[in-house]
Amino acid sequence: MACGKDGEQDPRIGGIAASIRVVPDFPKKGIMFQDITTLLLDPKAFKNTVDLFVERYIGKDVSVVAGIEARGFIFGPPIALAIGAKFVPLRKPRKLPGEVISEKYVLEYGTDCLEMHVGAVQSGDRALVVDDLIATGGTLCAAMNLLERAGAEVIECACVIELPELKGREKLNGKPLYVLVESR
Amino acid sequence: MAVCEDKEQDPRIRRIASSIRVVPDFPKKGIMFQDITTLLLDPKAFKDTADLFVERYTGKGISVVAGVEARGFIFGPPIALAIGAKFIPLRKPRKLPGEVISENYVLEYGTDCLQMHVGAVQPGERALVVDDLIATGGTLCAAISLLERAGAEVVECACVIELPELKGREKLNGKPLYILMESH
């Protein structure tokens, strides 16, 4: 069950953690899937989630929020809108029209690929990467690489949930990670 | 280039329309693809887009905003958050964990399928369906069907862009459609 991080926990975190549903054996046997759709069904929990991120990043001169397809598209835009940043979707192959740059990454079996539009970010942009969850960190690592290859500075990665036992944090090239809840 | 609809046009609409990029021959030759990612790169245009929808739906007793994967995930949540509604992702097959209901719909070649979680909506709830664009209306029609099968009342469909020549409006079972701009 998802639980909040240690230390002085913001009172909103308990409600957020409790709103996340764990679905066993999805997408395959043995995986306890952290389902954030139930968080989205709770307007207060969803608002608190966004507020926690916005409070952290407002006034920090963040010019880009990059969200990872598809659940990063749910959490990223409200943050971008509130802090006045651009929203940049990072997508699976062949979804973005026009010129893109691609970054491959390793899965348990095989590889996958993330794409970003050429020209979406510039040197001087300060970027956040947003996704619902960090597991092994492979996808977030690919996301950071795309932004850095385009000249942006990645300030932080922000996720609702971390699975700390998968050590994704170590894949982030030393970039900080901010999460609201951990699930063990 | 995207064209604006009403004579009494909100001044924000012009900026929104001009922020949308048309990419020729994507995903295949002959299609002029309406690319909203450039809108998302303009924080004022993106905020204005969200505000126009929020102004229309605030105080109308809407308890559900359903967004169609994936670009509906970008526009739907900010509306849901602002009006205090639940956000429900309507997804391609096998993405939602747990029990789902499915609705098939027809593509130019073949069929596709949209899914919604069982229990996401209750009978009597008032729902919006949100996507970036309406073309033939097939996807929106499937979305309406899912919500109605679960007992919700679909109040309106909301899109940024309509391609009126494709007559998607006629596929909505008489449900109203609200759009910010047309593209011919």
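For segment A:1-142, the alpha carbon positions stretch 42, 42, 27 Å along the principal axes, listed from largest to smallest. Modelled this way, with points 7 Å down the Cα-to-C-beta line, the labels at residue B:18 and residue A:113 are 3.6 nm from one another. Counted over segment A:22-110, the DSSP beta bridges are approximately 40% antiparallel.
Note down the Stokes-Einstein diffusion coefficient of the protein assembly as shown in µm²/s, whole number, using a Kirkwood radius over alpha carbon pairs, 37 °C, and 0.692 mPa s. If you can, show how the numbers build up before the last one.
Working: Rh = 20.9 Å.
D = 157 µm²/s.
When you restrict to C-alpha pairs under 8 Å that are six or more residues apart and normalise by the size of chain B, the relative contact order lands at 19 percent.
For chain B, the antiparallel share of DSSP beta bridges with both residues in that region comes to about 40%. Net charge in the neighbourhood of residue B:151 (other residues with Cβ under 14 Å of its Cβ; Lys, Arg +1, Asp, Glu -1) is -1. Pairs from the list A:104/B:95; B:29/B:175; A:60/A:171; B:47/B:86; A:167/B:95; A:60/A:95 with a Cα-Cα gap above 28 Å: B:29/B:175; A:60/A:95.
Considering only beta bridges that DSSP places wholly inside the protein assembly as shown, some 40 percent are antiparallel. Per-residue ellipticity at 222 nm for chain A, helices alone: DSSP H runs ≥ 4 residues times -39500 (n - 2.57), over residue total, nearest 500 deg cm²/dmol? It comes out at -8500 deg cm²/dmol, rounded to the nearest 500. Among A:29-41, A:122-134, the peptide with the highest mean count of other Cβ atoms within 10 Å heads the list, and the full ranking is A:122-134, A:29-41. Values of log10 I(q)/I(0) for segment B:60-182 across q = 0.13 Å⁻¹ run -0.45, by the Debye formula with one identical scatterer at each alpha carbon and no solvent.
Read-outs throughout are calculated quantities, based only on the coordinates presented, and are distinct from any laboratory measurement. Values in this document were obtained by computation on a predicted structure and should not be read as measured data. Reconstructed Cβ throughout: ideal geometry from the backbone, glycine too, with neighbour counts over all protein chains shown.
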